[in-house]
1. Looking at segment 103-118, can you tell me whether even one residue there is open to solvent by 40 Å² or more (accessible area, probe 1.4 Å) and more than 27 Å from residue 247 (Cα to Cα)?
2. If you check every pair at least six apart or on different chains, which have Cβ atoms under 9 Å apart with a residue in segment 90-108 that is closer than 16 Å to residue 171 by Cα first and a residue that is modelled with pLDDT under 90 and open to solvent by 70 Å² or more (accessible area, probe 1.4 Å) second?
3. Suppose we filter segment 41-53 for residues that are surrounded by 15 or more Cβ atoms within 10 Å (Cβ to Cβ) and touching a helix residue (DSSP H, G or I) at 6+ places or on another chain (Cβ under 7 Å); how many remain?
4. For segment 65-91, name all the residues that are open to solvent by 20 Å² or more (accessible area, probe 1.4 Å) and under 21 Å from the mean Cα position of the chain (by Cα).
5. Would you say residue 56 is open to solvent by less than 50 Å² (accessible area, probe 1.4 Å), touching a Gly at 6+ places or on another chain (Cβ under 8 Å), of a type in the set (Ser, Thr, Tyr) and in contact (Cβ under 8 Å) with a residue 60 or more places away in the chain?
6. Answer yes if at least one residue in segment 154-169 is over 16 Å from the mean Cα position of the chain (by Cα) and open to solvent by less than 10 Å² (accessible area, probe 1.4 Å), and no otherwise.
7. Provide a single number: the residues in segment 143-153 that are buried (at least 21 other Cβ atoms within 10 Å of the Cβ) and touching a Pro at 6+ places or on another chain (Cβ under 7 Å).
8. Does residue 33 meet the test of being of a type outside the set (Phe, Trp, Tyr), within 19 Å of the chain's Cα centre (by Cα) and either closer than 26 Å to residue 243 by Cβ or not in a helix (DSSP H, G or I) (or both)?
Amino acid sequence: MDEGGDPILRILVTNDDGIDALGIKRLVEALLTLEGAEVSIVAPVEEKSGVGHGITYRSALSPEQRDFYGMPVKAWAVNGNPADCVKAAYHLLFEHGKKPDIVFSGINVGTNLGRDIYYSGTCSGAREAVILGVPGVALSYDNWFDQDNYGEVVEMIRPLVKEFSDRAIKGELASEVFWNINIPHVPLAEVKGMVPATLSMNHYEDKYSEEAEGYYLAREYPQVMPLAEPLDYDLLKHGYIAITPVHIDATDRTLLKEMDNWALLKAWGKQEDNV
């Protein structure tokens, strides 16, 4: 706390697995080790995996205050998506002038690698924070096939949440970027390091399986190959924590310049000049 009694750091936590998920509990346990931090949780009332950056327009949001495992935090469950939770927290649940300093989203059951960032509700929570001008960090754990086991993930992420929180306080985190972190499901002693990673956009193929009630979407993953490039999937599968800065402005400025040479656009420009 500072001399006036206010927290040094205001942290907002959300996820897409729902407020009762074990992953968000583990994340809060790690965050409560930060000195001078005030932690608030605003998370979906139920699982919202795969909803992407969907937001709610046609029904009302009704935040409900909750106890959170008896921990010294404020918590609300929201009948919406992760992006709704961050919006509601920012606009409705924080006192005027006391917005969060940083948003942590997760810890997700299973990874969010490569093009997953476009489907992931976990990533949308961090992305929505950045849209609102607040640093955002998404965390995912490679335990999809062992969902009740979070191993030593709390110990793994403690230095990460401290690093990002310290940088948020100092204003050292880039604007318009959220941070996508994927953590391997191995003992802490077997983590090989923390590495800057590029998104692996083609590390799986979509496969539909036919069942009595219709078709279910699944994925087919390739065999893990020797590590050759700093791709998030490859790094994770080789025992590294992969950290990717994701810019929310997806404009391709190189192509913008090339479009000046398109005949159609040149012709349209000449028509406008003659008006």
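1. Filtering segment 103-118 for residues open to solvent by 40 Å² or more (accessible area, probe 1.4 Å) gives 115, 118.
Checking which are more than 27 Å from residue 247 (Cα to Cα) leaves us with none.
Scanning segment 103-118, I find no residue that is open to solvent by 40 Å² or more (accessible area, probe 1.4 Å) and more than 27 Å from residue 247 (Cα to Cα), so the answer is no.
2. 101/8
3. Quick first cut of segment 41-53, residues surrounded by 15 or more Cβ atoms within 10 Å (Cβ to Cβ) only: 41-45, 47-49, 51-53.
Of the ones still in play, those that are also touching a helix residue (DSSP H, G or I) at 6+ places or on another chain (Cβ under 7 Å) are 41-44, 48-49, 51-53.
The qualifying residues number 9.
4. So the first thing to find is which residues in segment 65-91 are open to solvent by 20 Å² or more (accessible area, probe 1.4 Å), and the list is 65-67, 69-74, 76, 79, 81, 87, 90-91.
73, 74, 76, 79, 81, 87, 90, 91, listed by residue number.
5. Details: open to solvent by less than 50 Å² (accessible area, probe 1.4 Å): yes; touching a Gly at 6+ places or on another chain (Cβ under 8 Å): yes; of a type in the set (Ser, Thr, Tyr): yes; in contact (Cβ under 8 Å) with a residue 60 or more places away in the chain: no.
In short, no.
6. Yes, some residue in segment 154-169 is over 16 Å from the mean Cα position of the chain (by Cα) and open to solvent by less than 10 Å² (accessible area, probe 1.4 Å).
7. So the first thing to find is which residues in segment 143-153 are buried (at least 21 other Cβ atoms within 10 Å of the Cβ), and the list is 143, 150, 153.
After this cut, where a residue has to be touching a Pro at 6+ places or on another chain (Cβ under 7 Å) as well, the list is none.
Qualifying residue count, segment 143-153: 0.
8. Working: of a type outside the set (Phe, Trp, Tyr): yes; within 19 Å of the chain's Cα centre (by Cα): no; either closer than 26 Å to residue 243 by Cβ or not in a helix (DSSP H, G or I) (or both): yes.
No; evaluated as a whole, the condition is false for this residue.
The values are calculated or read from the model by the stated rules, or taken from the named source; none is laboratory data. Model, not experiment: these values are computed from the prediction. As a convention, Cβ positions derive from the backbone with ideal geometry for all residues, glycine included, and neighbour counts pool all protein chains shown. Just the protein is used for accessible areas: all its heavy atoms, side chains included, with ligands, DNA and RNA removed. Shrake-Rupley method; radii C 1.70, N 1.55, O 1.52, S 1.80 Å.
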